[in-house]
Amino acid sequence: MSQSVETAPTRPDQAPLASLRIRRHDGSEVAADPGRWARAYEQVYAEALDLSDHNDPPIEERLQSHAERPGFGLLAALDGDTVAGYVYGYTLQPDTLWWDGLTPSPAAEFVREDGRRTVGVCELLVAAPWRRFHLGATLVSGFLAERTEQRAAALIAETNNVVLGRYSDYGFTRVGTMEPYPGWRPHHMIVRDLTHRPAATT
Ligand SMILES: CC(C)(COP(=O)(O)OP(=O)(O)OC[C@H]1O[C@@H](n2cnc3c(N)ncnc32)[C@H](O)[C@@H]1OP(=O)(O)O)[C@@H](O)C(=O)NCCC(=O)NCCS
């Protein structure tokens, strides 16, 4: 069941955000209609859909599978029924493959998962008309503020320096490199401690 949690801040110089609503969606809701979120993804990555990163597994299948995982949550910015942006993730379980192949090889304790330790942030996107109004920051801080895990982890394509910079501003630190799925481009693995949360960004 989705839940309205806040209305994005309205400022005179941020007219495109004035009509946005921020809503949480749980796994059952996303699994019931993954196409809605997949379409937004395909618009944002329209120029790069031929890359394995964006089509293997197909995004709708990926969303469906992720939505069924423990601790799944998606925080969306909506303009009416239009998806302006979203961030989603789930809680890593003891048998997760999340850290497999991370280079340099991490200590066993670093990659130990107990089903409560880490939220894997799988996707963050903001559609073009709503970019550069700090909506990405608002989504990430709103999403992480409600998590109970001790840390968050995410993967950023190695060439995506703009997004790496964004996540650095969101408090994440790079811990290594990996190829998340066979055939994908190398990705940076980034991690943020959630036990000492900075004040929410607005
Ligand atoms: C990354 C993304 C979510 C950021 O969304 P956003 O709401 O525009 O981000 P914010 O407003 O919080 O941050 C904007 C800041 O990012 C930087 N930035 C954003 N786009 C930039 C660009 N094309 N070139 C340089 N800097 C850029 C700037 O520092 C900017 O601040 P400024 O506008 O004050 O100069 C959005 O660009 C996006 O969806 N990108 C495509 C999807 C993607 O790559 N997602 C990450 C997958 S891991």
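In this structure, does residue 112 turn out to be within 16 Å of the ligand (Cβ to nearest atom), without any contact (Cβ under 8 Å) to a residue 24 or more places away in the chain and over 13 Å from the mean Cα position of the chain (by Cα)? Break it down stepwise before answering.
Working: within 16 Å of the ligand (Cβ to nearest atom): no; without any contact (Cβ under 8 Å) to a residue 24 or more places away in the chain: yes; over 13 Å from the mean Cα position of the chain (by Cα): yes.
No, not satisfied.
In the set 81, 53, which member is within 16 Å of the ligand (Cβ to nearest atom), on the phi < 0 side of the Ramachandran plot, at pLDDT below 95 and out of contact with any Ser or Thr (no Cβ under 9 Å at 6 or more places or on another chain)? Break it down stepwise before answering.
Values: 81 fails: within 16 Å of the ligand (Cβ to nearest atom).
The unique qualifying residue is 53.
Quick one: residue 84 ticks every box in (1) within 20 Å of residue 133 (Cβ to Cβ); (2) in contact with a helix residue (DSSP H, G or I) (Cβ under 8 Å, 6 or more places away or on another chain); (3) surrounded by fewer than 21 Cβ atoms within 10 Å (Cβ to Cβ); (4) not β-branched (Val, Ile, Thr) bar one, so which box is it?
All conditions are met except number (3).
Starting from residues that are within 14 Å of residue 137 (Cβ to Cβ) and among the basic types (Lys, Arg), keep the ones in the stretch 166-194 and report whichever is nearest to the ligand (Cβ to nearest atom).
Start the filter on the stretch 166-194 by keeping residues that are within 14 Å of residue 137 (Cβ to Cβ), which leaves 166-172, 192.
Next cut, among the basic types (Lys, Arg) only: 166, 192.
Values: 166: 5, 192: 13 Å.
Among residues in the stretch 166-194 that are within 14 Å of residue 137 (Cβ to Cβ) and among the basic types (Lys, Arg), the one nearest to the ligand (Cβ to nearest atom) is 166.
Report, by residue number, each residue of the stretch 141-164 that is touching a strand residue (DSSP E or B) at 6+ places or on another chain (Cβ under 8 Å), more than 12 Å from residue 190 (Cβ to Cβ) and crowded, with 17+ Cβ neighbours inside 10 Å.
Start the filter on the stretch 141-164 by keeping residues that are touching a strand residue (DSSP E or B) at 6+ places or on another chain (Cβ under 8 Å), which leaves 142-144, 146-147, 149-158, 163-164.
Filter again for more than 12 Å from residue 190 (Cβ to Cβ), leaving 142-144, 146-147, 149-150.
Correct list: 142, 143, 144, 147, 149.
Restricting the first residue to the stretch 39-51 and requiring it to be more than 20 Å from residue 82 (Cα to Cα), which pairs with a second residue that is within 10 Å of the ligand (Cβ to nearest atom) and assigned to a loop (DSSP other than H, G, I, E, B) meet a Cβ separation below 9 Å and a spacing of at least six or different chains?
51/45
Could you grab me the full set of residues in the stretch 116-165 that are more than 8 Å from the ligand (Cβ to nearest atom), among the charged types (D, E, K, R) and assigned to a strand (DSSP E or B)?
Matches in the stretch 116-165: 151 only.
The values are calculated or read from the model by the stated rules, or taken from the named source; none is laboratory data. On a predicted model such as this, the values are computed, not experimentally measured, just so you know. Reconstructed Cβ throughout: ideal geometry from the backbone, glycine too, with neighbour counts over all protein chains shown.
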